[in-house]
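As structure tokens, the structure follows; a few thoughts come after it.
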Amino acid sequence: MTISEQAAGCRQDYDGTSPFPEAKEHVPAGWVHIGLTAAIVVLPFVALAVAIFLAWGQGVTLTDLLLAAVLYVLTGLGVTVGFHRLLTHASFIASPRLRVVLAVAGSMGFQGNVIDWVAVHRRHHAFTDRPGDPHSPYRYGSGLRGQLRGLAHAHLGWLFAEDRTPAERYAPDLLADLAMRRVARAFPALCALSLALPFLAGWAITGTLYGALTAFLWAGLIRVALLQHVTWSVNSLCHVIGARPFKTRRHDRSSNLWPLALLSFGESWHNGHHSEPSCARHGLDRGQIDPSATVIGLFERLGWASNVHWPDHERTERRRVGRPSHGR
């Protein structure tokens, strides 16, 4: 029996405060996996140090900042709108071409191939903050020491663990989709393209290798690192700190963390999302900025998206903490 199967078997008995039963059986991944993951995590920080050294005394060029912003938005929306709201939760139906474009853009965010990403996230929702959740910050208990260790696990540590999420169980629909299988197989090439584009753009705009190098650093590696850590912060911080205005499943501690709302394109309204996972808008209250929902609305007006699951006010109010479960 695998660790995940053991976790699934005991999830009903979990008390919500103790370490997960399999916490002591944390098995490291193979050395190749660890090496590749470590390189993806560490290299952007090396790039940041080099970029700061090169910019010392002359600053960062507008070209590099604009390229970084454009690629951050494109790849970030590929993850939030494509990987997450479309492919994981089916919060809307996209035209076949848009579906592929979003999957390609999300793959260029260096967060894993589309099928594995979806499988892991669906598993996270199936066992949120209970045994079986691949990246819960409560894995080692709810005490201060366990919480700090759990935050490290939820943010980065889970990436280095041997805890496979079977796509056959959690993403059979994507496995049956030829286009998604092709995008998943192309993941290494799309990552290379994600770094090659800023290098080539920097070279074309400035006409120098120096301009190509700084664009590669700021709009390539550093942009990737920022997007990754914002996404990982939703896994970690958005289950520990922030507001919880809406009811969620038992033991689910998802929270709304407003400082991350813009950088995460609305993903940090995490409590709203866990309250209504299939809703296309995560920011359910007035004034909650949700750029991903705005983009989905634009797709709908253009005729590229249909059957969008927008918030139902009455249902949302029934989910609000402190409100009765039934009635108006």
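Quick note: the coordinates plus some simple rules give every number you see, no bench work behind them. Everything numeric here is computed off the predicted structure, so don't read it as measured data. Every residue, glycine as well, gets a Cβ built from its backbone with ideal geometry; the counts of neighbours run over all protein chains shown.
To test your reading of the geometry: what angle, between 0 and 90 degrees and rounded to tens, separates the Cα axis of helix 187-206 from the longest principal axis of the chain? For helix 187-206, the angle is close to 40 degrees. State, as an integer percentage, the relative contact order of the chain based on alpha-carbon contacts under 8 Å between residues 6 or more apart. Worked out over the chain, it gives 21 percent. Here the range 78-92 is scanned for amide nitrogen atoms under 17 Å from the site 7 Å beyond the Cα of SER278 along Cα-to-Cβ, giving 84-92.
Taking the longest Cα principal axis of the chain as reference, the axis of helix 144-155 is set at about 50 degrees. Each Lys and Arg Cβ is given +1 and each Asp and Glu Cβ -1; about its Cα centre, the range 143-192 then shows a dipole of about 140 debye. Most fluctuating residue of VAL27, VAL73, VAL230 in a GNM of the chain with Cα springs under 10 Å: which is it? Highest fluctuation among the options: VAL27. Maximal additional length on extending the ASP13-PHE160 stretch stands at 50.2 nm, based on 0.36 nm per residue less the C-alpha distance. Using Cα atoms only, what is the angle between the long axis of helix 114-126 and the major principal axis of the chain, expressed in degrees (0 to 90) to the nearest 10? Rounded to the nearest ten degrees, it is 30. Given their separation in residues at 0.36 nm each and the Cα-Cα distance between them, ASP285 and LEU144 gain 47.6 nm when the chain is fully extended. Comparing ARG249, ARG181, ARG286 in a Gaussian network model of the chain, where Cα atoms under 10 Å apart are tied by springs, the biggest mean-square fluctuation is seen for ARG286. Potential lengthening of the chain between ARG320 and LEU200 amounts to 38.3 nm, from the contour at 0.36 nm per residue minus the alpha-carbon distance.
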